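Engineer: Quick one: structure below, then a few questions.
Read-outs throughout are calculated quantities, based only on the coordinates presented, and are distinct from any laboratory measurement. In this text the structure is predicted, and so the values were computed from the model without any measurement. Heads up, the Cβs are rebuilt from the backbone with ideal geometry, glycines too, and the neighbour counts pull from every protein chain shown.
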Amino acid sequence: MKKITSLLLLFMFVAGAAQAQFERLEVEEVASFDGYTTYRVYAVLKNRGDLLDAVFGEQGNPVMVKSTSPFYQNDKGGAMANDIQKAALDQFPKLKYDSWVTIGYDNNYMNSVTFFGSMTADSVAIEKDFRTDFEAGKNILINDGAWFVTPDQLQARGDDKNRVLLMQLTTKGKITGSVNLHGRWHSRDGEGNLVPHVWQEKAIKFSAG
């Protein structure tokens, strides 16, 4: 695999946090076919055991992922990695190039990632669900919502390189993006007890192609 960029342009410490647990984004080129290139975007965390449980957008700091050419979307896939049926990957070879977002895992097996948009009092969504446009090959835009897992899920933890997978993107064009991340970490107090903390980083930029 070819690492094509590892770029952090802007980050913010959360008030009261002792340290930033996020180090950088990494974008890797993982495949190509028929003029398309497939990239995977990872968040690299500082320590083993650090968690990343959400990619969120808010007013003034949206999640925005753009391509100069439409994103490839396979008709057997979906906008999120838990739409990718592990058993179908061998049956439909091009499914492995599908574009999707996630936390940690790259198919449906034990993958609990979900999307939440803002709601009105009567539970009617007022945030446009990004998945409709994304599945049509268009850009990702989230102004008030998140894809996330609960922090007890193993997929929120980094791999052997302390990386958490955030998305796979396949396109013939150039990609630019900005994301906001939310996670958790633990320290120990003077008696050795675990003390939980929350971290956030906002407006993290990346590019590919």
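Engineer: With each run of n ≥ 4 DSSP H residues scored as -39500 (n - 2.57), what mean residue ellipticity at 222 nm is computed for the chain after dividing by its residue count and rounding to the nearest 500 deg cm²/dmol?
Structural biologist: -500 deg cm²/dmol
Engineer: Cut-off 10 angstrom, C-alpha nodes, Gaussian network model of the chain. Which of 136, 87, 20 fluctuates the most?
Structural biologist: Largest GNM mean-square fluctuation: 87.
Engineer: Please rank 110, 80, fewest neighbouring Cβ atoms within 10 Å first, as an exposure proxy.
Structural biologist: Final ranking by Cβ density, sparse to dense: 110, 80.
Engineer: Another one. If you rank 131, 188 by fewest surrounding Cβ atoms within 10 Å, what's the result?
Structural biologist: 188, 131
Engineer: Separate question: Equivalent ellipsoid semi-axes for region 93-209, as square roots of 5 times the alpha carbon gyration tensor eigenvalues: give them largest first, rounded to whole Å.
Structural biologist: Computed over region 93-209, the values are 28, 20, 15 Å.
Engineer: Same structure, new question: With contacts defined as alpha carbon pairs under 8 Å and 6 or more residues apart, what's the relative contact order of region 2-208 in percent?
Structural biologist: 33
Engineer: In terms of the Cα gyration tensor, with a ≥ b ≥ c the square roots of its eigenvalues, is region 151-201 rounded because a/c is under 1.5, prolate because a/b exceeds b/c, or oblate?
Structural biologist: prolate
Engineer: Report, by chain and number, residues whose modeled amide H sits under 5 Å from the one on residue 31, excluding near sequence neighbours (fewer than 5 apart, same chain).
Structural biologist: 38
Engineer: Further, regarding this structure: Summing +1 for each Lys or Arg and -1 for each Asp or Glu, what net charge is found among the other residues whose Cβ lies under 10 Å from the Cβ of residue 66?
Structural biologist: +2
Engineer: Another question about this same structure. If I build a Gaussian network model for the chain, linking alpha-carbon pairs within less than 10 angstrom, which residue out of 159, 106, 34 has the largest mean-square fluctuation?
Structural biologist: The residue with the greatest mean-square fluctuation here is 34.
Engineer: When a/c is below 1.5 the answer is rounded, else prolate if a/b is larger than b/c, else oblate, so apply that to region 19-116 with a ≥ b ≥ c taken from the square roots of the Cα gyration tensor eigenvalues.
Structural biologist: Since a/c reaches 1.5 and a/b is larger than b/c, the shape of region 19-116 is classed as prolate.
Engineer: A further question on this structure: What are the principal axis extents of the Cα atoms in region 2-208, in Å, biggest first?
Structural biologist: If we take the Cα atoms of region 2-208, the spans are 58, 44, 34 Å.
Engineer: Continuing with the same structure: Can you tell which of 165, 186, 84 lies farthest toward the positive end of the dipole of the chain, using +1 and -1 charges on the Cβ of basic and acidic side chains (Lys, Arg; Asp, Glu)?
Structural biologist: Looking along the dipole axis, the top candidate is 165.
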